[in-house]
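First the structure, in the form of structure tokens, and then the observations on it.
Quick note: the coordinates plus some simple rules give every number you see, no bench work behind them. Everything quoted here is computed from the prediction, not taken from an experiment. Cβ: placed from backbone, ideal geometry, glycine included. Neighbour counts: every protein chain shown.
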Amino acid sequence: MKLPIDLVSDFVCPWCFIGKTRLDAALARLQSIRPDVEPQVNWLPFFLNPDTPPEGEPYRAFLEAKFGGPQRVDEMLGRIAEAAVPDGVQFAFDRIRTRPNTLDAHRLCYRAQSAGWAPERVRALAGALFAAHFQQGRELGDTATLADIAATCGERHEEVLDYLDGTEHTAEVQHLARHMSAQGIQGVPFFIFNHKLAVSGAQPSAVLVQAMLQSLEAGEPS
């Protein structure tokens with residue numbers, strides 16, 4: 001039995017990194033109790049800040065302007081880091097210099113899915129993108145960096161670089177992101193299970209498992 005899962009996220013969203021990790025745990029749990037179910041995760045783009053310039057912007061300056069100064073930012077990042085500890089996610093916010101425009105990162109994920117990558121491989125790519133930004137402080141807006149990340153997931157570096165230097169799939173990704181917003185999705189991560197049950201936020205893995213089971217009980221996706 002197939003279980004389609006739409007996951008709306010952005011690669012500069014720390015809660016999306018946590019949500020992805022919790023989804024991985026939920027999928028492992030689902031496999032142990034419902035081995036007949038074949039999850040199919042569909043990654044959908046979202047732009048936390050659609051006005052981010054193509055070259056990105058200084059990370060701390062952006063956060064301090066948005067959230068009200070250095071102290072509030074430190075408190076917020078501290079809460080996020082603490083929330084991630086039980087999931088085994090360690091953030092290195094101090095290593096991040098730039099808040100990137102994530103259009104090309106989303107294009108990379110869209111390309112992988114369009115090429116028919118196995119779900120596990122796509123999840124690995126997404127995880128590598130999150131880790132590059134939040135743990136390694138790498139520039140997700142830099143095409144060479146993105147090509148390096150894709151290469152660790154089995155892609156050919158030069159092919160990815162040529163792709164990113166062009167505009168293929170740009171319109172499709174931007175359309176999907178606008179569609180997500182038009183559907184009323186204002187915060188991420190956002191999960192839709194079996195096209196029937198929506199869950200907002202980085203909920204605990206147990207909550208995600210229960211949502212999956214409930215969506216399966218609702219019958220085949222429409």
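Rounded, prolate or oblate for the range 117-196? Axes are the square roots of the Cα gyration tensor eigenvalues, ordered a ≥ b ≥ c, and the cut-off for rounded is a/c under 1.5.
Working: a/c = 1.78, a/b = 1.51, b/c = 1.18.
It comes out prolate by the Cα gyration axes.
What FRET efficiency would be calculated for the residue pair D142, F67, taking the C-beta separation as r and a Förster radius of 22 Å, to the nearest 0.05? Show your work: numbers first, answer last.
Numbers: r = 26 Å, r/R0 = 1.16.
Step by step, r from the Cβ atoms, then E = 0.30.
For the range 156-215, take the alpha-carbon Rg, divide it by the Kirkwood Rh, and send me Rg/Rh. It would help to have the intermediate numbers written out before the result.
Values: Rg = 16.3 Å, Rh = 14.1 Å.
That ratio is 1.16, to two decimals.
Mind checking which lysines have their C-alpha under 16 Å from K2, skipping anything on the same chain fewer than 8 residues away?
Within reach: K196.
In terms of Cα to Cα distance under 20 Å, which lysines are near enough to K66, apart from those fewer than 8 places away along the same chain?
none
Let's test the formula: R0 of 22 Å, r as the Cβ-Cβ distance of R178 and S200. What FRET efficiency results, to the nearest 0.05?
Numbers: r = 19 Å, r/R0 = 0.86.
FRET efficiency, R178 to S200: 0.70.
Report the Cα-based extents of the range 127-166 along its three principal axes, largest first, to the nearest Å.
26, 19, 10
Taking the Cα centre of the chain as the origin and placing charges on Cβ (Lys, Arg +1; Asp, Glu -1), which of F91, L176, L146 is farthest toward the positive end of the dipole?
Highest projection toward the positive end goes to F91.
Rounded if a/c is under 1.5, else prolate if a/b beats b/c, else oblate: with a ≥ b ≥ c from the C-alpha gyration tensor eigenvalues square-rooted, which is the range 22-153? Don't jump to the answer; show the numbers that get you there.
Numbers: a/c = 2.28, a/b = 1.38, b/c = 1.65.
Oblate, since a/c reaches 1.5 and b/c is not below a/b.
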